[in-house]
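**Student:** The structure under discussion is supplied below as structure tokens; questions concerning it will follow.
The values are calculated or read from the model by the stated rules, or taken from the named source; none is laboratory data. Bear in mind that the values here come from a model prediction, so they are computed numbers and not experimental data. Cβ sites come from the backbone with ideal geometry, for glycine too, and all protein chains shown count toward neighbours.
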Amino acid sequence: MVQGRDRRRYSFTPQPSGTRWYHTHAMAGHNLRIGTYSGQFGMVVVAPRSDPARYDLEVPILLHAWEPYFDSDMRMDVAFALYSVNGKMLGAGEPVRVRRAQRVLFRVVNASATLGHRLALPGHSFTVAALDGNPVSTVQKVPVLQLSPGERVDAIVEMTNPGVWILGEEDDAQRAAGAGIVIEYAGARGRPQWSPPPKHVWDYSVFGATQPAADPDVRHPLVIEPGKDGNLWAINGKSYPQTDPVILRRGGRNRLIFDNRSSMDHPVHLHRHTMEIVRWAGKPLSGVRKDVILVPAHQTVEADVVASNPGLSLFHCHQQFHMDFGFMALMRYSS
């Protein structure tokens, strides 16, 4: 906690390597001027000890939505008027300048408070190399990147289609309100071009390994459902701060079973640990390691955590409005 007009200095050993980010964790409630609605966030890249440098250019992409407002009298749904990439609306900032035959690594962070995003670059595809900073087991080429709040994707694009293009949000209204950035090839001129990407279903399992996941030492059912008494969300029937702590077995492989009994998607986030997805969209998998996992509406997702970092750890939905109204709990280790 850094109080107003205060200054703190922290020293730590950064690990693991990969694309990380920092942001305020203030509880906003109905105050849409604080928390992740604000611009208090940034990217952190922890460089590996050895980097094969499979790319020629590295480009950060930070997505954010601005001017939030409640779009109903019930004050339960948040909408946004404006969008930005790297703090600039589409057309307001400098373009990303590239050359033909370059391999460009885009490090993408969804720093939005509540919104998921789907990004496309017409005439190009993305080779996904890492999710939430963790290398994928199977590198895959996709036409669209999908990121829930808090998620990160590292993707390499081979620049083989000269022109002036829009790397932007698939949704036309959001892109028109600023959600994009211009990609400009050397020597190319003209207005930035956009065309809709092919239909694509984002699926974590395509990035997984072929071998099955190891069996867990213990299972932890976590039922996600609407809350009561003014709380929008509950975990196992209780809303934060009344939620029961999840007791992880120290040194063990703990399986978290996210049973989403609601009609909304939830990007669940666990601090200080990495989760390995072992079942998603009804399919078993392994080798996909993340710290934010999208749990789709009316589906069950399973993920394993190896309890090797003792101490209290916060678990919550990375949708700010959900976290503020009940969707949060603590995890701690067994004694």
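**Student:** Would you pick out the residues in region 144-161 that are buried (at least 24 other Cβ atoms within 10 Å of the Cβ), touching a Gly at 6+ places or on another chain (Cβ under 8 Å) and within 20 Å of P95 (Cα to Cα)?
**Tutor:** If the condition is that a residue be buried (at least 24 other Cβ atoms within 10 Å of the Cβ), touching a Gly at 6+ places or on another chain (Cβ under 8 Å) and within 20 Å of P95 (Cα to Cα), then D154 is the only one that fits.
**Student:** Oh, and also: Say we look at region 57-91 and pick out the residues that are assigned to a loop (DSSP other than H, G, I, E, B) and exposed (fewer than 12 other Cβ atoms within 10 Å of the Cβ); which of these is farthest from the chain's Cα centre (by Cα)?
**Tutor:** D73
**Student:** Filter region 314-335 down to residues that are surrounded by fewer than 20 Cβ atoms within 10 Å (Cβ to Cβ) and at pLDDT 95 or above, then give me how many there are.
**Tutor:** Of the residues in region 314-335, 4 are surrounded by fewer than 20 Cβ atoms within 10 Å (Cβ to Cβ) and at pLDDT 95 or above.
**Student:** Something else: Please determine, by comparing only the residues of region 162-205 that are in a loop (DSSP other than H, G, I, E, B) and without any contact (Cβ under 8 Å) to a residue 40 or more places away in the chain, which one is surrounded by the most Cβ atoms within 10 Å (Cβ to Cβ). Spell out how you get there, then give the answer.
**Tutor:** To start, the set of residues in region 162-205 that are in a loop (DSSP other than H, G, I, E, B) comprises 162-163, 170-171, 177-179, 186-192, 194-203.
From the residues that got through so far, the ones that are without any contact (Cβ under 8 Å) to a residue 40 or more places away in the chain too are 187-191, 199, 201.
Working: G187: 8, A188: 16, R189: 8, G190: 8, R191: 9, K199: 7, V201: 9.
Only one residue fits best here, namely A188.
**Student:** From the list A281, A297, pick out the single residue that is farther than 26 Å from F80 by Cα and of a type in the set (A, V, I, L, M, F, W, C). Steps first, answer last, please.
**Tutor:** Working: A297 fails: farther than 26 Å from F80 by Cα.
Residue meeting the stated conditions: A281.
**Student:** Are there any pairs with C-beta distances below 7 angstrom linking a residue in region 275-290 that is at negative phi and touching a residue at least 40 places away in the same chain (Cβ under 8 Å) to a residue that is among the aliphatic types (A, V, I, L, M) and not in a strand (DSSP E or B), with the two at least 6 apart or on different chains, and if so which?
**Tutor:** Sorted first by the residue in region 275-290, then by its partner, the pairs are E276/A213; V278/A213; S286/A209; S286/A213.
**Student:** Right, next: Which members of region 8-34 meet the condition of being touching a residue at least 12 places away in the same chain (Cβ under 8 Å) and over 16 Å from H269 (Cα atoms)?
**Tutor:** Scanning region 8-34 gives P14, Q15, P16, S17, G18, A28, G29, H30, L32.
**Student:** Then there is this: Tally time: how many residues in region 3-26 are within 28 Å of S308 (Cα to Cα) and not in a strand (DSSP E or B)?
**Tutor:** 13
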